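Shown below is the structure under consideration.
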2 protein chains.
Amino acid sequence: MARYGKEHKLATRQRIIETAGRRFKRSGIDGSGVATLMADAGLTNGAFYAHFESKEDLVATAVSDQLRYQREQLAAVAPGRAGVEQIVRAYLSPEHRDNPEEGCPSAALLDEIGRCGDPTRQAYTDSMLAIVDDFAARLAPHDPQSARTTVLGVYALMAGTLQLSRALTDRRLADDLLEQGIRNALAVLDGESATSGA
Amino acid sequence: MARYGKEHKLATRQRIIETAGRRFKRSGIDGSGVATLMADAGLTNGAFYAHFESKEDLVATAVSDQLRYQREQLAAVAPGRAGVEQIVRAYLSPEHRDNPEEGCPSAALLDEIGRCGDPTRQAYTDSMLAIVDDFAARLAPHDPQSARTTVLGVYALMAGTLQLSRALTDRRLADDLLEQGIRNALAVLDGESATSGA
DNA sequence: CCGTTTATATTATGACCGTACGACCATAAG
DNA sequence: CTTATGGTCGTACGGTCATAATATAAACGG
């Protein structure tokens, strides 16, 4: 009875989710209307509600998807301290700052997510925990439970630093802040591993 | 010829700015309409444009005002390391997290500000620098220039941590993150002062 | 003490965009 | 050729920013 190959709708849905993720990061959640989101995916607004119950439904889904993608990217980096430093430097780079739509969803949307309803915040929390646990296991295989909070703290540090760097009009200052953020992130990570390692 | 006491309009303007600041922090910038903002101040939408050129004009003004207020609050705290620790603990407290409309404008709005136009970001930058220079002078009277970036980094760390704590639905985890943020902020501050002091 | 003057605020209006839904259509699978 | 699926288009209703016309109220002169 399947009139369309069953991938069709799923592929469309996925396309909407991905383009929406990018649009949200560029224009904000409240700043992105359904019509615009659908146009980004090459569709018109009416088709939206065949794929999602509501805008909030899409928001939660897109946030999850964005964090899932971020998790994959992080997992692809070489293990060990060298990998960690590479991640930190890439995250707190001028390139990342200047291309929010291709970057971290938390840096682009965190305060807006904080104002979202429970379903969206729950989706964010779940996906966030997957990232953090992934990373904690790599960072401290002997005690991933305690490393969880450390990783969360560093993540917050990096997201906040990138946001502030984006908000400043003084380029020089914004660049200096990124450098400072790298030092801070590494100091926290090294300091913590020394503490828990000793 | 002034038929109204000249304070009247200024007082009204200030009332709009202050109530708008609170509303922005609660509902976001894009999430707050002009009519709502005016109703908060006990007025109707039409009167808005007698006080401000546009919504963006108000946003820039309100952001400045919020940061000016934050600067005053910070200046009122006792100097020395004890004062610094007090500030960090108050900032990264569950009370602050759970009352965004009375709290830090950066924690509530930073990513949205990053997407604002130049005038707003410029206003943010100027007010931010006033806070940071204030604080840097208190923290390292001998070398406030270098302390500037340190303070900016800690500010970003704290804002990001508070945002993330607000986004998480797991209360326990959110609380743990705040504690971790306090440790991180103090570690950065103590580490930096040791470096520049030695 | 009262009316005039004028600043301030209200209400009405404009054109546009927001979410959400329903009717209709084209197409591709069987 | 039938059928249901995924899509477009049109629509409802409210909210958005902004402006203009109108009403109100405060301070002054007489």
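The values are calculated or read from the model by the stated rules, or taken from the named source; none is laboratory data. Worth saying up front: this structure is predicted, and the values here are computed from it rather than measured. Counting neighbours? That spans all protein chains shown, and the Cβs are built from the backbone with ideal geometry, glycine included. These area figures cover heavy atoms from the full protein model, side chains too; ligands, DNA and RNA do not enter into them. Shrake-Rupley method; radii C 1.70, N 1.55, O 1.52, S 1.80 Å.
Amide H to amide H under 5 Å from B:G103: which residues, 5+ apart in sequence or cross-chain, H placed 1.01 Å off N in plane?
Sorted by chain and number, the residues that satisfy this come to none at all.
Now for a separate question. Looking at the calculated P(r) for segment A:56-197, what percent of the C-alpha pair distances fall above 28 Å? Spell out each step's value before the answer.
On the way: 1726 of 10011 pairs.
That fraction is 17 percent.
Since chains A and B are linked by a rotation, which residue in A has the beta carbon closest to its axis, and how far is it in Å?
Residue of A nearest the axis onto B, distance in Å: A:G160, 1.
Go ahead and estimate [θ] at 222 nm for chain B from helices alone: -39,500 (n - 2.57) per DSSP H run with n ≥ 4, summed, over the residue count, rounded to 500.
Details: 9 runs with 150 residues, N = 198.
So the helix-based figure for chain B works out to -25500 deg cm²/dmol.
Hey, another quick one. If Rh is defined by the Kirkwood formula over all Cα pairs and Rg also comes from Cα, what ratio Rg/Rh do you get for the protein assembly as shown?
A ratio of 1.00.
Within 10 Å of each Cβ in peptide A:104-110, how many partner chain Cβ atoms are there on average? Round it to a whole number, please.
For peptide A:104-110, the averaged partner shielding equals 4.
How far is B:D143 from the same spot in each other copy, in nm, shortest first, if each label point sits 7 Å from Cα toward Cβ?
3.3
Another question about this same structure. Run the dipole for the protein assembly as shown about the Cα centre, Lys and Arg Cβ at +1, Asp and Glu Cβ at -1, nothing else charged, and hand back the magnitude in debye, nearest 20.
On the way: 46 positive and 54 negative charges, 141 e Å.
So the dipole magnitude of the protein assembly as shown works out to roughly 680 debye.
Let me ask something additional. With every protein chain kept in the model, how would you rank B:E7, B:E101 by accessible area, 1.4 Å probe, largest at the top?
Correct descending sequence by accessible area is B:E7, B:E101.
If you don't mind, another one. So how do A:49-57, A:123-131, B:33-41 stack up, highest first, on mean other-Cβ count within 10 Å?
Final packing ranking: A:123-131, B:33-41, A:49-57.
With 30 Å as the limit, write out which pairs from A:K25/B:K25; A:K9/A:K55; A:K25/B:K9; A:K55/B:K9 have Cα-Cα distances beyond it, or answer none.
A:K25/B:K9; A:K55/B:K9
May I pose another question? Once amide H atoms are built 1.01 Å from N in the peptide plane, which residues 5 or more positions from A:H51, or in another chain, come under 5 Å H to H?
Excluding prolines and chain starts, which carry no amide H, there are no hits.
Another question, if that's okay. Treating the point 7 Å from Cα along Cα-beta-carbon as the label, what are the nm separations from A:G83 to the other copies, to one decimal?
Taking the point 7 Å beyond Cα along Cα→Cβ, the inter-copy spacings are 4.6 nm.
A further question follows. Work out the mean other chain Cβ neighbour count within 10 Å for the residues of B:179-186 and drop it here as an integer.
5
Suppose you put the label 7 Å out from Cα in the Cβ direction; list, shortest first and in nm with one decimal, how far B:G42 is from each other copy's label.
Relative to the other copies, B:G42 has label-point distances of 5.7 nm.
Simple spin-label model, 7 Å along Cα-to-Cβ: B:D134 to A:R172 in nm?
2.4 nm
Subtract the Cα-Cα distance of B:K9 and B:Q122 from 0.36 nm times their separation in residues, and report this length gain in nm to one decimal.
Values: separation 113, 0.36 × 113 = 40.68 nm, distance 2.58 nm.
Between B:K9 and B:Q122, full extension yields an extra 38.1 nm.
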